[in-house]
1. Applying the selection to the range 76-87, what residues are at negative phi and buried (at least 24 other Cβ atoms within 10 Å of the Cβ)?
2. So in the range 99-144, with the set limited to residues that are among the β-branched types (Val, Ile, Thr) and open to solvent by 50 Å² or more (accessible area, probe 1.4 Å), which one is farthest from the ligand (Cβ to nearest atom)?
3. Looking at Arg23, Arg35, Arg62, can you tell me which residue is modelled with pLDDT under 95, open to solvent by 10 Å² or more (accessible area, probe 1.4 Å) and among the charged types (D, E, K, R)?
4. Here are some residues: Ala184, Ala153, Ala139, Ala169. Which one is among the small types (Gly, Ala, Ser), in a helix (DSSP H, G or I) and within 24 Å of Val19 (Cβ to Cβ)?
5. Condition test on Asn90, is it within 15 Å of the ligand (Cβ to nearest atom), open to solvent by 40 Å² or more (accessible area, probe 1.4 Å), in contact with an Asp or Glu (Cβ under 7 Å, 6 or more places away or on another chain) and within 29 Å of Gly148 (Cβ to Cβ)?
6. For residues that are farther than 15 Å from Glu123 by Cα and either of a type in the set (D, E, K, R) or out of contact with any strand residue (DSSP E or B) (no Cβ under 7 Å at 6 or more places or on another chain) (or both), scanning just the range 154-177, find the one that is least open to solvent (accessible area, probe 1.4 Å).
7. Can you list the strands (runs of 3 or more DSSP E) lying wholly within the range 1-103 that have 2 or more residues being of a type in the set (A, V, I, L, M)?
8. For Gly195, indicate whether it is open to solvent by 40 Å² or more (accessible area, probe 1.4 Å) and not charged (D, E, K, R).
Amino acid sequence: MKNEPVTIGVLALQGAFDVHAKRLQELGAVVRLVRKPEELAGLDGLVIPGGESTTFLKNLERVGFYDTLEAFVQSHPVFGTCAGCILMANEVANPPQRSFAVLDVAVERNAYGRQNDSVILNEQTSLPGGPVEMVFIRAPRISRVGGGVEVLAERDGHPTLVREGRLLAATFHPELTEDPRVHAYFLEMVEEAKGDQKRSREVTG
Ligand code: GLN
């Protein structure tokens, strides 16, 4: 029997949220754009899109959203791209700034320099199906990963797609290519987490 569809939120305060929403819908998810803290209730997972992480932080603080989102990120499947990855990282440099600190990586903002502000590369990935196209836009560089972090793709020896348990983060923009594999991988993670939750409810009662 086919699983019932998962409901995924896409944080829609700023940045490239609509293309994420479209991709997730094409892959069969129910999508809710999240603009207010109460819209996080009942979601199976969340995408934090790219944009400008400093602007995200300002918007989140202004609407009193930061703490609710932090609690969500600490307990649910989350996929952060670019600025989203910066918001999830344990350590942020260039310059240092506040983050949810749930993902055991260090990131350096805008680390690829002006010459390389935007670039499209094809790089190896351990996701099935061969190399993945990566669109980098004023991208951060992951400069350190903790022992529990799985590296799924790299650029010049630095991780660009990482997973730690229920968290997935990319320094590039998979929503801007035709390749659905990264979003499909996230939806599998969400389904897995939902299945685990259901099983533990059945066991406990
Ligand atoms: N440079 C942005 C930041 O530091 C991230 C860019 C992006 O999300 N495409 O927040």
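The values are calculated or read from the model by the stated rules, or taken from the named source; none is laboratory data. Owing to the predicted nature of the structure, the values given are computational and were not obtained by experimental measurement. Quick reminder, even Gly has a Cβ in these numbers, built from the backbone with ideal geometry, and neighbours come from all protein chains shown. Keep in mind that these areas ignore ligands, DNA and RNA; they rest on the heavy atoms of the full protein, side chains included. Shrake-Rupley method; radii C 1.70, N 1.55, O 1.52, S 1.80 Å.
1. In the first step, residues of the range 76-87 are kept if they are at negative phi; the result is 76-81, 83-87.
Listed by number, the residues that qualify are Pro77, Val78, Phe79, Gly80, Thr81, Ala83, Gly84, Cys85, Ile86, Leu87.
2. Let us first name the residues in the range 99-144 that are among the β-branched types (Val, Ile, Thr), namely 102, 105, 107, 119-120, 125, 132, 135, 137, 142.
Retained after the next criterion (residues that are open to solvent by 50 Å² or more (accessible area, probe 1.4 Å)): 120, 137.
On the way: Ile120: 13, Ile137: 4 Å.
Checked the range 99-144; the qualifying residue farthest from the ligand (Cβ to nearest atom) is Ile120.
3. Details: Arg23 fails: modelled with pLDDT under 95; Arg35 fails: modelled with pLDDT under 95.
That would be Arg62, the only listed residue that is modelled with pLDDT under 95, open to solvent by 10 Å² or more (accessible area, probe 1.4 Å) and among the charged types (D, E, K, R).
4. On the way: Ala153 fails: in a helix (DSSP H, G or I); Ala139 fails: in a helix (DSSP H, G or I); Ala169 fails: in a helix (DSSP H, G or I).
Just one listed residue meets the conditions, Ala184.
5. On the way: within 15 Å of the ligand (Cβ to nearest atom): no; open to solvent by 40 Å² or more (accessible area, probe 1.4 Å): yes; in contact with an Asp or Glu (Cβ under 7 Å, 6 or more places away or on another chain): yes; within 29 Å of Gly148 (Cβ to Cβ): yes.
Criteria not met by Asn90.
6. If we filter the range 154-177 for residues that are farther than 15 Å from Glu123 by Cα, which is where we start, we get 163-169, 175-176.
Now drop any that are not either of a type in the set (D, E, K, R) or out of contact with any strand residue (DSSP E or B) (no Cβ under 7 Å at 6 or more places or on another chain) (or both), which leaves 163-166, 175.
On the way: Arg163: 42, Glu164: 47, Gly165: 50, Arg166: 78, Glu175: 9 Å².
So, considering only residues that are farther than 15 Å from Glu123 by Cα and either of a type in the set (D, E, K, R) or out of contact with any strand residue (DSSP E or B) (no Cβ under 7 Å at 6 or more places or on another chain) (or both), the one least open to solvent (accessible area, probe 1.4 Å) is Glu175.
7. Details: elements: 7-11, 30-34, 45-48, 78-81, 89-93.
Strands (runs of 3 or more DSSP E) meeting the threshold: 7-11, 30-34, 45-48, 89-93.
8. Details: open to solvent by 40 Å² or more (accessible area, probe 1.4 Å): no; not charged (D, E, K, R): yes.
Answer is no for this residue.
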